[in-house]
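J.: Handing you a structure now.
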Amino acid sequence: MLAEVNLYLGDEATAIGFLDQVRERAKLPLYDVAKTNPVYSAKYPTLKLAILHERRVELAFENQRWFDLLRFFTPDELTAYFRAKSQADFGAAQLTNFGTKDYYYPIPFNEYKLNPAGMAQNPGY
């Protein structure tokens with residue numbers, strides 16, 4: 001998370017330092033070495049995507065991925081991010097079904113009934 005914070009503060013050198021700490025502990029090449037690899041640089045062309053990938057790997061099965069995606073992308077960016085993926089990697093789950101409405105959860109109808117004048121449903125629901 002410190003790498004992410006420093007990235008948003010504009011201090012890429014410190015962000016890379018924190019990212020390298022994680023990569024070094026995992027016995028992976030440091031970020032500057034990894035980004036010279038054409039396969040790695042094609043998958044993660046920006047530092048932002050590299051940090052997002054490391055969070056995905058480090059926090060696997062801890063149910064943090066969706067919240068990371070919400071923090072990293074706006075609704076339109078997230079839709080473009082999903083639709084840029086290869087459909088072959090996702091089996092029966094259709095990537096074209098994901099849209100900007102999926103960025104927010106629907107407001108439950110029972111909550112809406114408590115204050116219909118002051119509460120509006122999220123777009124798309």
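The values are calculated or read from the model by the stated rules, or taken from the named source; none is laboratory data. Predicted, not measured: the structure shown is a model, and the values here were computed from it. Here the Cβ is made from the backbone with ideal geometry for all residues, glycine too, and neighbour counts use every protein chain on show.
J.: Here are some conditions: (1) surrounded by fewer than 11 Cβ atoms within 10 Å (Cβ to Cβ); (2) within 30 Å of residue 125 (Cβ to Cβ). Residue 1 meets all but one. Which one does it not meet?
T.: (2)
J.: Tally up the residues in segment 95-125 that are surrounded by 11 or more Cβ atoms within 10 Å (Cβ to Cβ), hydrophobic (A, V, I, L, M, F, W, C) and assigned to a helix (DSSP H, G or I), please.
T.: Residues flagged as surrounded by 11 or more Cβ atoms within 10 Å (Cβ to Cβ), hydrophobic (A, V, I, L, M, F, W, C) and assigned to a helix (DSSP H, G or I) within segment 95-125 amount to 1.
J.: Six or more apart or on different chains, Cβ under 8 Å: which pairs go from a residue in segment 69-84 that's within 19 Å of residue 42 (Cβ to Cβ) to one that's surrounded by fewer than 15 Cβ atoms within 10 Å (Cβ to Cβ) and hydroxyl-bearing (Ser, Thr, Tyr)? Could you list them?
T.: Cβ pairs passing all conditions: 83/96.
J.: A further question on this structure: Only residues that are within 19 Å of residue 49 (Cα to Cα) and small (Gly, Ala, Ser): list them for segment 62-118, please.
T.: 80, 84, 86
J.: When you look at residue 73, is it under 26 Å from residue 16 (Cα atoms), surrounded by 12 or more Cβ atoms within 10 Å (Cβ to Cβ) and of a type in the set (A, V, I, L, M, F, W, C), yes or no? Lay out the reasoning, then the answer.
T.: Details: under 26 Å from residue 16 (Cα atoms): yes; surrounded by 12 or more Cβ atoms within 10 Å (Cβ to Cβ): yes; of a type in the set (A, V, I, L, M, F, W, C): yes.
In short, yes.
J.: Just to be sure, is residue 96 within 28 Å of residue 1 (Cα to Cα) and at pLDDT below 95?
T.: Working: within 28 Å of residue 1 (Cα to Cα): no; at pLDDT below 95: yes.
Criteria not met by residue 96.
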